[in-house]
Each structure stands twice: as C-alpha cells, then as structure tokens.
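Some notes on the structure that comes next.
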Amino acid sequence: MSIREAILDLPLIGKVRRVHAIEHATITLLSRRHPNVNMAGRSNARGFWFYGKIDEDELAKTTREALSR
C-alpha cells in the first residue's frame, strides 16, 4: 500500500470524503433546480456548511435526497 492509499484509508479522512461527496451531491441537485443561485459548501468530519440563498427546508430535503442516491 502506498503512503497516499494509507492516508486515504484513515477513518477520519474517509469520513470527510463521504461528507464532502454528500455536500457535492446536494449542491449539484440544488444547482439544477436553481441555476442562477450562487452556492458553495465546506465539509469536515462533522458535516457540511452550505452558503447560498436556499430555503432551509429545501436544503434539508435535498440533502436527504442526495443521501438516498
């Protein structure tokens, strides 16, 4: 196993990568529905922060959809 693979296999790194994937999926879904809204996100092992003018309920619903996909 290479050093890169060993680092990527660390539990904390894996968790951050999974959360980051959910963040990206959520923003992708939202940007398809709201193409003219600027949005961004930041991830860590505890979750992600969303920046943009989207209703909180829609954000939560879309995040659940991203998780189910």
If the Cβ limit is 9 Å and pairs must be 6+ apart or interchain, which residue in region 45-69 that is within 15 Å of Ala25 (Cβ to Cβ) and in contact (Cβ under 8 Å) with a residue 12 or more places away in the chain pairs with which residue that is among the charged types (D, E, K, R) and outside any helix (DSSP H, G or I)? Phe48/Arg42; Phe50/Arg42
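So which of Glu23, Glu65, Glu58 ends up being acidic (Asp, Glu) and in contact with a Phe, Trp or Tyr (Cβ under 9 Å, 6 or more places away or on another chain)?
On the way: Glu65 fails: in contact with a Phe, Trp or Tyr (Cβ under 9 Å, 6 or more places away or on another chain); Glu58 fails: in contact with a Phe, Trp or Tyr (Cβ under 9 Å, 6 or more places away or on another chain).
Unique residue meeting the criteria: Glu23.
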Quick count over region 40-49, residues being open to solvent by 40 Å² or more (accessible area, probe 1.4 Å) and either among the hydrophobic types (A, V, I, L, M, F, W, C) or in contact with a Ser or Thr (Cβ under 7 Å, 6 or more places away or on another chain) (or both), is 3
Given (1) open to solvent by less than 80 Å² (accessible area, probe 1.4 Å); (2) within 9 Å of the chain's Cα centre (by Cα), identify the lone condition not met by His24. (1)
Contacts under 8 angstrom Cβ, first residue in region 1-18 being more than 22 Å from Trp49 (Cα to Cα), partner modelled with pLDDT of 90 or more and open to solvent by 100 Å² or more (accessible area, probe 1.4 Å), 6 or more apart: Leu8/Arg17
Tally, over region 50-60, of residues that are under 13 Å from Glu23 (Cα atoms) and open to solvent by 50 Å² or more (accessible area, probe 1.4 Å): 1
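Kindly establish whether Met39 is touching a Gly at 6+ places or on another chain (Cβ under 6 Å) and without any contact (Cβ under 8 Å) to a residue 24 or more places away in the chain. Reasoning before the result, please.
Details: touching a Gly at 6+ places or on another chain (Cβ under 6 Å): yes; without any contact (Cβ under 8 Å) to a residue 24 or more places away in the chain: yes.
Answer is yes for this residue.
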Of (1) modelled with pLDDT of 95 or more; (2) surrounded by 11 or more Cβ atoms within 10 Å (Cβ to Cβ), Gly14 satisfies all except one. Which? (1)
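When you check Leu29 against the structure, is it aliphatic (A, V, I, L, M) and in contact with a helix residue (DSSP H, G or I) (Cβ under 7 Å, 6 or more places away or on another chain), yes or no? Show your work before the answer.
Values: aliphatic (A, V, I, L, M): yes; in contact with a helix residue (DSSP H, G or I) (Cβ under 7 Å, 6 or more places away or on another chain): yes.
Yes.
Could you count how many residues in region 27-39 are charged (D, E, K, R) and surrounded by 10 or more Cβ atoms within 10 Å (Cβ to Cβ)? If you could, list the steps in order and put the result at the bottom.
Filtering region 27-39 for residues charged (D, E, K, R) gives 32-33.
Subsequent filtering for residues that are surrounded by 10 or more Cβ atoms within 10 Å (Cβ to Cβ) retains 33.
Residues meeting the conditions: 1.
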Per-region count, region 17-69, residues of a type outside the set (A, V, I, L, M) and part of a helix (DSSP H, G or I): 19
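The values are calculated or read from the model by the stated rules, or taken from the named source; none is laboratory data. Since we're looking at a predicted model, the values are computed, not measured. Counting neighbours? That spans all protein chains shown, and the Cβs are built from the backbone with ideal geometry, glycine included. Side chains included, ligands, DNA and RNA excluded: accessible areas come from the protein's heavy atoms. Shrake-Rupley method; radii C 1.70, N 1.55, O 1.52, S 1.80 Å.
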